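This report concerns only the one structure given below.
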Amino acid sequence: MKSNPPSPAASYALADLCVLADLPPRTVRYYVQIGIVDRPEGETRAARYGARHLEQLLLIRKWTAAGVSLERIRELLQGQEAPVPARPRMAGSVEVRSHLTVADGVEVVIEPGRAGLSPEQVRGFIQGVMAAFAAACAPLPRRRPRRRRSEEELTTQERAIP
């Protein structure tokens, strides 16, 4: 049986909203009280919640499960940029890393999965690092030593300076 997404004009009682969001009524009321969920239409038992309330609650559940504080969730719901949560390292987890040895004593460790880089982007990054290192460590061009002028070439003013 296919589940249809709620229509934008959907209206829910608190109990129905709590079932959809998988949250207890007390938690939903608390979120409304502290202002991270919009106030419902109506008061007490006649209060109605819409699709916007459900969307807010589902985002709050997702972010709290990721360890985001309620204060930060308030900022996110007000339009600030969402963080990229670092995945916790669990015992037995597998990570792929690339170790780039640029020179003796200079190494770069890249975790493409955590950084969200494709293999092409990793190759481009490595080429860029190597080019930047080569440019930074390239020997400076040698300057030709200045030729010392003979006595005849010196002006009278230069001869007066001891």
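Below are the figures for this structure:
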item: Residues Ala91 and Arg61, FRET efficiency given R0 of 30 Å [Cβ-Cβ distance, rounded to 0.05]; result: 0.70
item: Distance histogram in 5 Å bins (all Cα pairs of region 13-154, percent per bin); result: 2, 7, 12, 11, 8, 8, 7, 7, 7, 6, 5, 4, 3, 2, 2, 2, 1, 1, 1, 1, 0, 0
item: Whole-Hz couplings from phi, Karplus 6.51/-1.76/1.60, listed for region 118-126; x for Gly and Pro; result: 7, x, 5, 5, 5, 4, x, 5, 4
item: Burial ranking of peptide ranges 90-98, 136-144, 31-39 (average Cβ count within 10 Å, highest at the top); result: 31-39, 90-98, 136-144
item: Efficiency of FRET between Glu111 and Ala13 - r from beta-carbon atoms, R0 45 angstrom, step 0.05; result: 0.45
item: Apportionment of accessible area to carbon and sulfur, region 19-109, percent (1.4 Å); result: 51 percent
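The values are calculated or read from the model by the stated rules, or taken from the named source; none is laboratory data. Fair warning: this is a prediction, and the values are worked out from it, not measured in the lab. As a convention, Cβ positions derive from the backbone with ideal geometry for all residues, glycine included, and neighbour counts pool all protein chains shown. When the accessible area is computed, the model is the full protein with side chains, heavy atoms only, and any ligands, DNA or RNA have been set aside. Shrake-Rupley method; radii C 1.70, N 1.55, O 1.52, S 1.80 Å.
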